[in-house]
Amino acid sequence: MNQAADSGRRPPKAEAEPAASPAAEETRTRLALGTLSVRGQIRQASNAVLFGEVEHEGHRVPCVYKPVAGERPLWDFPDGTLAQREVAAYEISRATGWDLIPATVLRDGPYGEGMCQAWVGPLPDAEPEGEEAQEAAEGEEFGDPEGHGDPGDTEAADVDTEADAHAEAHDEDEAAGEAEDEASGSGGAGELLAIVEGDEPGEGWKAVGHVDAGTLRPALLVHADDERLRRLAVIDAVINNGDRKGGHLLTLPTGALYAIDHGVSFHVDDKLRTLLWGWAGEDLTSEATATLRALAAALAEGTPLAGRLSGLITAAELEALRKRVDGLISSGRHPLPSGDWPAIPWPPV
């Protein structure tokens, strides 16, 4: 029987944030070993993105499930490898000790093998009442996990994209009141990214580049001069992230920052495309340098991390990863745009 049907017909009752942090090893273990149930489909994503929960030893962890069967082919990445790259990105985040990526595992699920990642922040329509609960459980509201739609059909779902689902839930909490939002919500990129008039970013902000804001005055895309973002910029350079958008940045009231969507990473060619160019060409922090040196040692041939990554990316990609880390250490600087690839993703959010 389908796992979603076998696990009961009530919608998830997990807390908005698991007892363990979204990036913790405890969360990863629950995602890997628990029973995965699909609760809905997130529509208009470029690949199949499903919202669900994992239940393990009495604990429920809300999650995102991206089955490999729902991945759409890309011209520059091998087919059926995006889920593995998401897991590899989590492995690198854990190895740095910065824990900026939610726990992510590769596991079987109702639609076959896929990426399963801890959900961050409020849940989308987590507990509908009465008939709505029945419809959600039967798949009529979110999209049917029982086979009435296939995982690549992104038109029949409830919310727009994975990042929008987080943001939409957050916006609903804001509408209910700031106090409730502070108690249970997650913020998006609004507090970390902005468009300002003029040519200077202002105190506490770093310039990304000029944008067309539809006005006669010049406008500048900026991001916060934030230690969390600076660490993430280093991780993105390490994994060669080809799609760091604003909507992929999620914050919690605790001050924790989490980044999602790393499927187009670890290419052997320079694909770095990001909104976090504010430190381009600047010296790495001493903390970042020390972290990169430790990461280089952890990536050496024969280490546990190298062994896990070898099952997720190709040998050539693993070697390119090592070279990127070594290159950052030797240069001592944040990378500059290569000029061979669009430096900023579009749309930026």
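Observations
- With all protein chains in place and a 1.4 Å probe, the accessible surface of region 237-349 carries 57 percent carbon and sulfur.
- Phi to ³J(HN,Hα) by Karplus 6.51 cos²θ - 1.76 cosθ + 1.60 over region 334-339, Hz, x for Gly, Pro: 5, x, 9, x, 6, x
- Whole-percent carbon and sulfur share, accessible surface of region 26-118, 1.4 Å: 45 percent
- Region 90-121 and region 244-279: distance between their alpha carbon centers, rounded to Å: 14 Å
- Rolling a 1.4 angstrom probe over the protein heavy atoms with all chains in place gives region 258-349 an accessible area of 47 Å² per residue.
- In the structure shown, the pairs LYS271/LYS323; LYS206/LYS271; LYS66/LYS206 are assessed against 24 Å; a Cα-Cα span above that value is assigned to LYS66/LYS206.
- Phi to ³J(HN,Hα) by Karplus 6.51 cos²θ - 1.76 cosθ + 1.60 over region 284-299, Hz, x for Gly, Pro: 5, 5, 4, 4, 4, 4, 5, 5, 5, 5, 5, 5, 4, 5, 5, 8
- Taking amide H as placed 1.01 Å from N in the peptide plane, VAL264 has its amide H under 5 Å from the amide H of GLY242, each at least 5 places away in sequence or on another chain.
- Sequence-distant contacts, meaning Cα pairs under 8 Å at least 6 residues apart, place the relative contact order of region 205-278 at 34 percent.
- Here's how it looks for ASP225: its modeled amide H is under 5 Å from those of TRP205, LYS206, which are all 5 or more places away or on a different chain.
The values are calculated or read from the model by the stated rules, or taken from the named source; none is laboratory data. Being a predicted model, the structure only gives us computed values, none of them experimental. Side chains are part of the model used for accessible areas, which takes the heavy atoms of the whole protein and leaves out ligands, DNA and RNA. Shrake-Rupley method; radii C 1.70, N 1.55, O 1.52, S 1.80 Å.
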